[in-house]
Amino acid sequence: MKTKSLRRTLSLAVGGFSAALALFAVNAQAQQTINLGHTLSDSSHYSVGADAFKETLERLSNGEFKVLEHPSGSLGGERAMIEGLQIGTVDVVITSTGPLGNFVPETYVLDLPFLFESYEQARCVLDGDIGQSLLDKMSENNLVGLAWSENGFRHITNSKRPIKTPKDLVDLKVRTMENKVHMEAFEQMDAHPTPMAFPELFTALQQGTVDGQENPITVIVATKFWEVQDYLSLTGHVYSPAIVLGSPILLDGLTDEQRGWFFKAAKASAAATRAEVSRLERDGVKLLRDKGMEVETDIDKAPFKKAAEPAYKIYTDQYGSKMLDLIQASDC
């Protein structure tokens, strides 16, 4: 009887263990890995946003989705990652709007110089009906616009001389985003705009392929540009949003509830990123000075605005003035 009882106990134990293994296998199979890419370091404001996205999605889905962050351009430059969204090789991307106009031309309006005067105004526009209409445009171009995030106001750095007026930019080779509105603005100031993918930029500055670049304080700090740039000019010439994009190949296959989790995670990501941008705007300039950069704060923006005016005509001639008029007429 004892032998039979022992056999029964062992049989129940083995059966329970097998059931547990089967349940584990089902859960493991059910869990889906989400690959989230961006071009900045894992200590950047994008990474802060990626952490918030991960925490929110994994919590809301009760572990059904697992988010893997791929920082520092490990999945490619911004344009390549956006293309990856369209073919399903990347699931979620946090990107600047630099290359976005190549896919959704309506977003070029956001890159017009001196369009926004403050963070409050820019965030108000992007969080309202205008921003939502632009997000909706993503779906017409095989992308899913999840939320508007942020980089900040862009400033100029270089290794040659202080920049106080547009004349100081003459003949400087300045890396710009792959964005014709930005390029036209710098051409009007007689600089030599040189578009290149962001992961190539640090080496290009180090080797002297380009003399300078323009980016928000957040990016300048995260990328340690003080190691290859001597001068920073707080021109604030363009407000640079970021955007959280999803792959339609992924999202179209989800339930409404699951899609809702992604939108909530993206909004949490944007909120965390904006908070980090605000912090770095407060503390970043001091850090860059401490790292040895010469910082020009007394900038007369009027001549920069004047020099950038032709970029507006280029935009309106090609895309019309409807979206620009809406933004300029906004009560934000």
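The values are calculated or read from the model by the stated rules, or taken from the named source; none is laboratory data. Quick caveat, the model's predicted, so the values are computed rather than measured. Every residue, glycine among them, receives a Cβ derived from its backbone with ideal geometry; neighbour counts consider all protein chains shown.
Consider the range 278-303. How many of its residues are assigned to a helix (DSSP H, G or I) and either touching a Leu at 6+ places or on another chain (Cβ under 9 Å) or without any contact (Cβ under 8 Å) to a residue 40 or more places away in the chain (or both)?
Counting residues in the range 278-303 that are assigned to a helix (DSSP H, G or I) and either touching a Leu at 6+ places or on another chain (Cβ under 9 Å) or without any contact (Cβ under 8 Å) to a residue 40 or more places away in the chain (or both) gives 11.
Just the residues that are over 22 Å from the mean Cα position of the chain (by Cα) and exposed (fewer than 13 other Cβ atoms within 10 Å of the Cβ), please, taken from the range 270-290.
Once the filter is applied, which keeps residues that are over 22 Å from the mean Cα position of the chain (by Cα) and exposed (fewer than 13 other Cβ atoms within 10 Å of the Cβ), the range 270-290 yields K286, D290.
May I ask you to list the residues in the range 236-259 that are farther than 15 Å from N151 by Cβ, among the hydroxyl-bearing types (S, T, Y) and buried (at least 17 other Cβ atoms within 10 Å of the Cβ)?
S247
Kindly provide the set of residues from the range 240-257 that are out of contact with any strand residue (DSSP E or B) (no Cβ under 8 Å at 6 or more places or on another chain) and either in contact (Cβ under 8 Å) with a residue 40 or more places away in the chain or outside any loop (DSSP other than H, G, I, E, B) (or both), ordered by number.
I249, D256, E257
Within the range 44-51, identify whether any single residue is farther than 16 Å from F262 by Cβ, at pLDDT 90 or above, assigned to a helix (DSSP H, G or I) and of a type in the set (A, V, I, L, M, F, W, C), and answer yes or no.
yes
Just name the residue that is farthest from K301 (Cα to Cα) out of those in the range 152-168 that are surrounded by fewer than 24 Cβ atoms within 10 Å (Cβ to Cβ) and basic (K, R).
K160
Can you tell me which condition H237 does not meet? The list is (1) assigned to a helix (DSSP H, G or I); (2) of a type outside the set (A, V, I, L, M); (3) within 27 Å of L126 (Cβ to Cβ), and all the others hold.
(1)
Scan the range 94-140 for residues that are surrounded by 15 or more Cβ atoms within 10 Å (Cβ to Cβ), touching a Cys at 6+ places or on another chain (Cβ under 8 Å) and over 29 Å from P71 (Cβ atoms) and jot them down.
Across the range 94-140, the qualifying residues are Q121, C124.
Can you name every one of the strands (runs of 3 or more DSSP E) wholly within the range 60-177 that holds 3 or more residues which are aliphatic (A, V, I, L, M)?
92-96, 144-158
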